[in-house]
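Contents: one structure, followed by commentary.
Read-outs: derived from the displayed coordinates by stated rules, not from any lab. On a predicted model such as this, the values are computed, not experimentally measured, just so you know. Note that we place each Cβ from the backbone using ideal geometry, even for glycine, and neighbour counts take in every protein chain shown.
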Amino acid sequence: MTRRGGRRHGLKGGYNGTYQKLQRTNNMICPWWLCYSFDNPLRRIFHKPESLLDPYLKPGMSAVDIGCGMGYFTLGLAKLAGPEGRVIAVDLQQQMLDALERRARGAGVADRIALHRCRKESLGVEGPVDFALAFWMAHEVPDKPRFFREIFALLKTGGRLLLVEPKFHVTLRSFERTLAVCREAGFRDLEGPAIALSRAALMGKE
């Protein structure tokens, strides 16, 4: 594994209650400790990484997992990409990347994952890649036009972005505004999947 650039807490009130708490404290960057609650075996009932992402990533391909957290989807991407593929795991918080590194070693896929700590104002990732994943994180981004322009530039021609937001936190109107920003960055709409508890869209680069 290459590099670029806890304590467990309960979820009283569930996911929705936790997001409401973050809103009250004006902290919309998901804290690292919260991922211990999001990244658990029960989540596989709703979100199975390999089956969800298999249509978009094949052996030997490359991907970037933006806002990777502790690697719930990163590990699945790495397994799909295979030994000849590569996955760039991007997060703002070092604690997330440290936890992901440990998990990747345990899963035997550390050699195909590059860790990258981004800045608040920029991803700072070099491409090109075949596929980009932004799962339950775009609502945290303050400058969405720049964010999607960076992803568009990062993707190969024919590359795809899977954008997924939490339905219990992001309204349909807000999600549609985000998609409009995606289109302004150059993306076009593709037929996307239905994902539990989520609003999802598959966007392509011509």
| query | Given R₀ = 22 Å, FRET efficiency for residue 126-residue 168 by Cβ-Cβ distance, to 0.05? | reply | 0.05
| Which part of the range 45-59 falls in the paramagnetic zone of residue 111, meaning amide N under 19 Å from the point 7 Å along Cα-to-beta-carbon? | 59
| query | Among 144/167; 58/205; 48/167; 48/120; 79/144, which pairs are too far apart, with a Cα-Cα distance over 25 Å? | reply | 48/120; 79/144
| message | Can you compute 3J(HN,Hα) from phi for each residue in the range 78-94, using the Karplus curve 6.51 cos²θ - 1.76 cosθ + 1.60 with θ = phi - 60°, rounded to whole Hz and x for Gly and Pro? | response | 5, 5, 5, 5, x, x, 8, x, 8, 10, 9, 9, 10, 8, 7, 10, 5
| message | Skipping prolines and chain starts, which residues have an amide H placed within reach, meaning under 5 Å, of the one on residue 199, given they are 5 or more residues away or on another chain? | response | 165, 167
| field | Cleavage-rule hits (chymotrypsin sites (Phe, Trp or Tyr not before Pro)) in the range 35-133: DSSP loop, at most 15 neighbouring Cβ within 10 angstrom | value | 46
| note | For the residue 206, residue 143 Cβ pair and Förster radius 25 Å, calculated FRET efficiency rounded to 0.05 is 0.55
| Inter-centroid distance (Cα atoms) of the range 76-110 relative to the range 153-206, Å | 23 Å
